[in-house]
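Working notes, structure below.
The values are calculated or read from the model by the stated rules, or taken from the named source; none is laboratory data. As the structure is a prediction and not an experimental result, all values here were calculated from the model. With ideal geometry, Cβ positions are generated from the backbone for all residues, glycine too; neighbour counts draw on all protein chains shown. Just the protein is used for accessible areas: all its heavy atoms, side chains included, with ligands, DNA and RNA removed. Shrake-Rupley method; radii C 1.70, N 1.55, O 1.52, S 1.80 Å.
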Amino acid sequence: MIKHDWTLEELKIIHDAPLLDLIYKAAHVHRQYHPPSELQICSLISIKTGGCPEDCKYCPQSARYQTNVEIQGLMDKEAVIEQALEAKKQGSSRVCLGAAWRQVRDSRQFELVLDMVKEISAMNIEVCCCLGMLNEEQALRLKQAGLHSYNHNLDTSRAYYPSIITTRTYDDRLETLNNAEKAGINLCCGGIIGMGESIDDRISMLHTLATRSSHPSSVPINMLVPIKGTPLGEQKPVSIWEMIRMIATARIAMPEAMVRLSAGRLERSLEEHALCFLAGANSIFSGEKLLTTPNPGVNFDEQMIKLFGMSRKGEMACV
Ligand code: SAM
Ligand code: DTB
Ligand code: SF4
């Protein structure tokens, strides 16, 4: 039975349980709802990069900070389709189109994005978009274009949010999630750990997600990638044990969700990856680059999948 009335205390008890008990419990839930050795591979395409007016303190694409990101206008549709096709060839069953926008505007650019969504969906790829805030009508148009999911992260707790972002509110974020949901689009919503938040902030974010009347179908958990020039550029990398606790708690609280081991994989060992999968993560972003930061290349993932005897979601069985 899927539970939607979690209390903060219940989630905290799960999160703080002895580590191996927690992993065991999460692995058990994982096996009840998902094929345990199946991994979904997603690819990110940054369709518009940098120059964002928002002040998210972690983000290399905010125009407010001096980072090494090169600003790039909206990509041509053809180039995006080509990258999506390549991603599919490399084993991705889901493509996420990300744009460094505060919000979607009704413009020629939005029409182009709708065309991209239509064409990539027609290639039998799940399309997810991550374009900033959306109103109801824009959400409906994305749905009509065939959009599978909308990624819009809460990033952290309501209480810690103003320490990370001041140019929009938690309620703005929730409104976009509601607009996408009302349009019948699946939600992809998670957050980042390692931004100086407390454990209670992490629990509170998971609580907001796990008490929605329908859980997000996808929950990306990112480890902060500290970016020089941003206010969080000097943050210490988060410990893998904290990541495992976060993944396991998300898995137990939202059993049907795809839990995605997202940013922060670059310097993580195979053993660390294995523990994250055991704790209930069942998806990764693949490719040399996330949106603007480096990620383990396809060779690392290929070897890992082989070594662990895993299969890719959507992959045709070999005959
Ligand atoms: N502008 C849109 C928005 O904010 O929704 C979409 C793009 S934004 C880059 C997508 C997500 O990437 C953010 O919500 C955040 O969770 C994640 N992200 C950005 N920079 C990151 C970093 N340095 N480390 C980890 N995750 C990051
Ligand atoms: C998410 O939660 N993580 C992905 C995806 N959703 C869009 C993005 C991670 C971006 C990391 C920083 C970068 O590469 O610019
Ligand atoms: Fe802009 Fe999104 Fe980066 Fe915030 S996270 S600065 S909204 S691109």
Among I14, L114, N135, which residue has its Cα furthest toward the positive end of the charge dipole of the chain, with +1 on Lys/Arg Cβ and -1 on Asp/Glu Cβ?
L114
Hydropathy at least 0.5 by Kyte-Doolittle, axial extent at least 24 angstrom from the Cα trace: which helices of the chain, defined as entire DSSP H runs, fit?
none
Accessible surface, the chain, averaged per residue in Å² (probe 1.4 Å)
45
Give the percent of DSSP beta bridges with both residues in the stretch 8-303 that are antiparallel, rounded to the nearest 5.
5
Can you give me the C-alpha center-to-center distance between the stretch 149-194 and the stretch 50-106, rounded to a whole angstrom?
18
Mean projected area (nm²) of the alpha-carbon convex hull when the stretch 30-124 is viewed from all directions:
8.3
Using a 10 Å cut-off on Cβ atoms, rank the peptides 141-147, 302-308 from the highest mean neighbour count down.
141-147, 302-308
Within the stretch 107-147, the residues whose backbone N lies under 16 Å from a label point placed 7 Å from the Cα of E78 along the Cα-to-Cβ direction are 116
Using a basic spin-label model with each label point 7 Å from the Cα along Cα→Cβ, how many nm lie between L20 and L266?
3.4
Honestly the stretch 226-299 on the Cα gyration tensor test (a ≥ b ≥ c root eigenvalues; a/c under 1.5 rounded, otherwise a/b vs b/c for prolate or oblate) is just prolate
With all protein chains present, how much of the accessible area of the chain (probe radius 1.4 Å) comes from carbon and sulfur, to the nearest whole percent?
52
Please compute one quarter of the surface area of the Cα convex hull for the stretch 197-261 and express it in square nanometres.
4.7
Could you size up the charge dipole of the stretch 8-303 around its Cα centre, putting +1 on the beta carbon of Lys and Arg and -1 on that of Asp and Glu, and report it in debye to the nearest 20?
120
In the structure displayed, which of K236/K306; K25/K313; K12/K48; K57/K89; K57/K306; K48/K228 lie more than 30 Å apart, Cα to Cα?
K236/K306; K12/K48; K57/K89; K57/K306
As computed over the stretch 8-303, the Cα convex hull volume per residue (Å³)
120
Per the helix-only model, the chain has a calculated mean residue ellipticity at 222 nm (DSSP H runs of ≥4, -39500 (n - 2.57) each, divided over all residues, rounded to the nearest 500) of -11500 deg cm²/dmol
